[in-house]
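The values are calculated or read from the model by the stated rules, or taken from the named source; none is laboratory data. Only a predicted model underlies this, so the values are computations on that prediction, with no experimental measurement involved. Quick reminder, even Gly has a Cβ in these numbers, built from the backbone with ideal geometry, and neighbours come from all protein chains shown.
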Amino acid sequence: MSTATATITDQGLDSREFRLDPYPAYARLRAEGPLVRSETDRTYYVTTHRAVGAVLRHKDASVESPFRASRVLFGRTVMDVEGTEHARLRSLTGRSFAAPAVPGHLEELVPGAVHGVIDALAGRGRADFVADFANEVPIRVMSRIIGVRAEDVAAFQSCTDAVIAYFDSATPERRRSAVTAWAGMRALLHRRLDELRPAPDGSVIGQLLAATAEGAEVGDDEIVRQIGLLIPAAIDTSNRLLANVLHILCSRPELLRQAYAEPALLDGIVEETLRFEPPIHSTVRIWAGGELLGTDVPRGSLLTVLLGSANRDPEVFTDPDVFDPRRAANPHLSFGAGRHQCMGRRMALAEVTTALRILLERCPGLRFAESRPDPVEGFSFRSPATLVLQYGSPA
Ligand code: HEM
């Protein structure tokens, strides 16, 4: 067994240069090895596709950490616990978080929400597609899926903004705003539970109430916590993916032209965006101690699992730095792997692909409105801050 070495990351990764373009640093890290110690960042970076898959599946790599932002804000959710508690919460929430369980989700709900968002763009010719499209669609869709009343969607939206700002940068001020916003939303969700309890519907709240009525061991507080988790897990991921796809398309006019002409290409474009420019670049685990990937790693060490690096591993992807929506196989790890892998993959893909298909059907001539558009940027979560586009009149 060898001892981990600290070499490349002596300056740490959280620099402006890295936030703008992490891929050269990922390549250097992979060349160092599958597990690279950084004294500056006080973590072990997990770098290659094989190593990322192995760590996410490893029984001794745990999500349990009292410092994780989701744990701080919501308490114990499916994403933050292990063992029998995780298995119980995963089986409880699994059905209600998956697309096919929501009646009419694909057929009516998503198109209805997307058309509403595009109607609001009509007559303007220019808009910020982060604020006015990418953020709007998942909030409208998820509030309906969760079971939030129409009159409470605005409150849900402002709570979502505060929570997302905190997850983006955990300053004390943002933490206070998120805690206050979540306290208000929690009260609102408790009232909704009481309303739906006599006759649970097909919403997430309705399905979780029905499970309780059928004998599942879950209290109201626990239900509300799992719903809170959907704000960062379902909304602040789908919105960034939508923004990244649009950024990639507008940066490649020929590809955008093909997407207009051949909407079936959108499935490949979305999957390839997930590989090439994923919304979530890393997740973390706490190591139980002992040998990991040939290195003796102390108990309690932080492992930073670089999904974005795994997706550019040349051992797995031919020409990994080329955006190719027609790849025959695309085993990217942007939805994670192992026991904590994403529960909303199908829902996210359906939502994002449908939103883009309708946008291209209705909005001709999409293009950057500014000569220097905001770049895709970030460390753990990456997407553009704004995306100001011009377009023809929506049909
Ligand atoms: C593009 C959109 C999405 C991306 C990129 C994404 C990505 C991920 C990733 C990487 C994880 C694993 C985190 C880890 O291992 O630490 C995860 C977990 C999770 N995701 Fe997603 N997600 C997306 C959309 C959604 C949606 C729409 C939902 C719900 C409707 C959802 C629900 C969840 C839940 C509940 C977990 C935790 C599962 C567990 O810990 O057992 N996600 N997601």
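Residues that are modelled with pLDDT under 90 and within 24 Å of residue 283 (Cβ to Cβ): does the stretch 207-223 have at least one?
Checked the stretch 207-223: no residue is modelled with pLDDT under 90 and within 24 Å of residue 283 (Cβ to Cβ).
Among the residues of the stretch 303-337, which ones are over 27 Å from residue 269 (Cβ atoms) and either among the hydroxyl-bearing types (Ser, Thr, Tyr) or surrounded by fewer than 16 Cβ atoms within 10 Å (Cβ to Cβ) (or both)? Break it down into steps so the answer makes sense when it comes.
Within the stretch 303-337, the subset over 27 Å from residue 269 (Cβ atoms) is 303-304.
Across the stretch 303-337, the qualifying residue is only 304.
Here is a list: 93, 84. Which entry is part of a helix (DSSP H, G or I), of a type outside the set (Phe, Trp, Tyr) and touching a residue at least 40 places away in the same chain (Cβ under 8 Å)? Step through it out loud before you land on a result.
Values: 84 fails: touching a residue at least 40 places away in the same chain (Cβ under 8 Å).
That would be 93, the only listed residue that is part of a helix (DSSP H, G or I), of a type outside the set (Phe, Trp, Tyr) and touching a residue at least 40 places away in the same chain (Cβ under 8 Å).
Mind listing just one residue for me: the one in the stretch 36-78 that is aromatic (Phe, Trp, Tyr) and outside any loop (DSSP other than H, G, I, E, B) and, of those, modelled with the lowest pLDDT? Give the steps one after another, and end with the answer.
Keep residues of the stretch 36-78 that are aromatic (Phe, Trp, Tyr), which gives 44-45, 67, 74.
Subset that is outside any loop (DSSP other than H, G, I, E, B): 44-45, 74.
Details: 44: 95, 45: 96, 74: 92.
Only one residue tops the list, namely 74.
Being of a type in the set (A, V, I, L, M), within 17 Å of residue 38 (Cα to Cα) and not in a strand (DSSP E or B) is the filter here, so list the residues in the stretch 264-306 that pass it. Let's see the steps before the verdict.
First, the residues of the stretch 264-306 that are of a type in the set (A, V, I, L, M): 264-266, 269-270, 274, 280, 284, 286, 288, 292-293, 297, 302-303, 305-306.
Restricting the remaining residues to those that are within 17 Å of residue 38 (Cα to Cα) gives 284, 286, 292-293, 297, 302-303, 305-306.
Listed by number, the list holds a single entry, 293.
Among (1) exposed (fewer than 15 other Cβ atoms within 10 Å of the Cβ); (2) at pLDDT 90 or above; (3) of a type in the set (Gly, Ala, Ser), which single condition is residue 113 missing?
With (1) exposed (fewer than 15 other Cβ atoms within 10 Å of the Cβ); (2) at pLDDT 90 or above; (3) of a type in the set (Gly, Ala, Ser) applied to residue 113, the lone miss is (1).
Six or more apart or on different chains, Cβ atoms under 8 Å: show the pairs whose first residue is in the stretch 366-395 and over 14 Å from residue 244 (Cβ atoms) and whose second is among the small types (Gly, Ala, Ser) and at pLDDT below 90.
Going by the 8 Å Cβ cut-off, the qualifying pairs are 393/122; 393/123; 394/122.
Do any helices (runs of 4 or more DSSP H) lying entirely in the stretch 143-259 carry at least 3 residues that are within 16 Å of the ligand (Cβ to nearest atom) and on the phi < 0 side of the Ramachandran plot, and which ones are they?
Details: elements: 153-168, 172-196, 204-213, 220-230, 236-251.
Those helices (runs of 4 or more DSSP H) span 153-168, 204-213, 220-230, 236-251.
Do you know which of the residues in the stretch 307-326 that are out of contact with any Leu (no Cβ under 6 Å at 6 or more places or on another chain) and not in a loop (DSSP other than H, G, I, E, B) is nearest to the ligand (Cβ to nearest atom)?
My answer is 308.
Being closer than 26 Å to residue 258 by Cβ, away from the ligand (no atom under 16 Å from the Cβ), modelled with pLDDT under 95 and not acidic (Asp, Glu) narrows it down to one of 329, 348, so name that one. Before you say what the answer is, go through the steps one by one.
Values: 348 fails: away from the ligand (no atom under 16 Å from the Cβ).
The match here is 329.
Could you go through the stretch 212-226 and let me know if any residue there is under 20 Å from the mean Cα position of the chain (by Cα) and of a type in the set (S, T, N, Q).
yes
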